[in-house]
Amino acid sequence: MDLREYSEEELLAAGREAIKREQWPRATEFLTAYYERYSSRGDTVPASGLASYALCLGHSPQWKRGLELCKKAQHADPRNPYIYWALANLYLLGRSRKEALEAVEKGLRAAPDNFILLRMRRKLGVRQPLPLPFLDRKHGLNIRLGRLMHRLRGNAAA
């Protein structure tokens, strides 16, 4: 397959389709061509395309570079919920659930009704408020009371 025959839009669309199907090598192939086409001309890569490319890098040994590029995309387009979704996925790849949740919450502040971010927040779960807010989350009383309240009330939010 000769990627030179594809337009930038087709490369991005094919890369995103591969991301949806979690075909990371295929997505990386398309999005690398997309990224390199802009870079070779000296043009700025569009922020959402850069976030897609960064997500592919996150699924390779270049996770840190992917995170850097995704943060760069976020700064370029802070109102785009797709970029926050990609950033949250990168944080999850880096095993940082807390930062992933923060990225989702920031994205929801920019786009409160975005279904992808709402679904991701539901999947990640949100911590319940502390039983004793004046004590640290790791304090023994908060842990015991929190577990007891969880057992009594189940998984439902307070």
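Could you list, ordered by first residue, the pairs with Cβ atoms under 8 Å in which the first is in the stretch 7-31 and farther than 16 Å from G66 by Cβ and the second is outside any helix (DSSP H, G or I) and not β-branched (V, I, T), at least 6 apart or interchain?
A14/Y6
Inside the stretch 32-51, can you point out the residues that are among the aromatic types (F, W, Y) and in contact (Cβ under 8 Å) with a residue 24 or more places away in the chain? Walk me through how you get there before you give the answer.
Going through the stretch 32-51, the residues among the aromatic types (F, W, Y) turn out to be 34-35, 38.
Once the filter is applied, which keeps residues that are among the aromatic types (F, W, Y) and in contact (Cβ under 8 Å) with a residue 24 or more places away in the chain, the stretch 32-51 yields Y34, Y38.
A quick yes/no check of all residues on (1) among the acidic types (D, E); (2) surrounded by 17 or more Cβ atoms within 10 Å (Cβ to Cβ); (3) modelled with pLDDT under 95; (4) touching a His at 6+ places or on another chain (Cβ under 6 Å):
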{"residue": "E5", "(1), (2), (3), (4)": "yes, no, yes, no"}
{"residue": "G15", "(1), (2), (3), (4)": "no, yes, no, no"}
{"residue": "Y34", "(1), (2), (3), (4)": "no, yes, no, no"}
{"residue": "G42", "(1), (2), (3), (4)": "no, no, yes, no"}
{"residue": "Y53", "(1), (2), (3), (4)": "no, yes, no, no"}
{"residue": "G66", "(1), (2), (3), (4)": "no, yes, no, no"}
{"residue": "Y82", "(1), (2), (3), (4)": "no, yes, no, no"}
{"residue": "R97", "(1), (2), (3), (4)": "no, no, yes, no"}
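On the basis of being within 27 Å of the chain's Cα centre (by Cα), among the β-branched types (V, I, T) and assigned to a helix (DSSP H, G or I), does I143 make the cut? It would help to see each step written out before you state the result.
Details: within 27 Å of the chain's Cα centre (by Cα): no; among the β-branched types (V, I, T): yes; assigned to a helix (DSSP H, G or I): yes.
In short, no.
Mind checking which residues of the stretch 102-126 are polar (S, T, N, Q) and closer than 16 Å to L92 by Cβ? Write out each step before concluding.
Initially, the stretch 102-126 is screened for residues polar (S, T, N, Q), giving 114.
Within the stretch 102-126, none qualify.
The values are calculated or read from the model by the stated rules, or taken from the named source; none is laboratory data. Computed from a predicted model, the values in this text were never measured in an experiment. Heads up, the Cβs are rebuilt from the backbone with ideal geometry, glycines too, and the neighbour counts pull from every protein chain shown.
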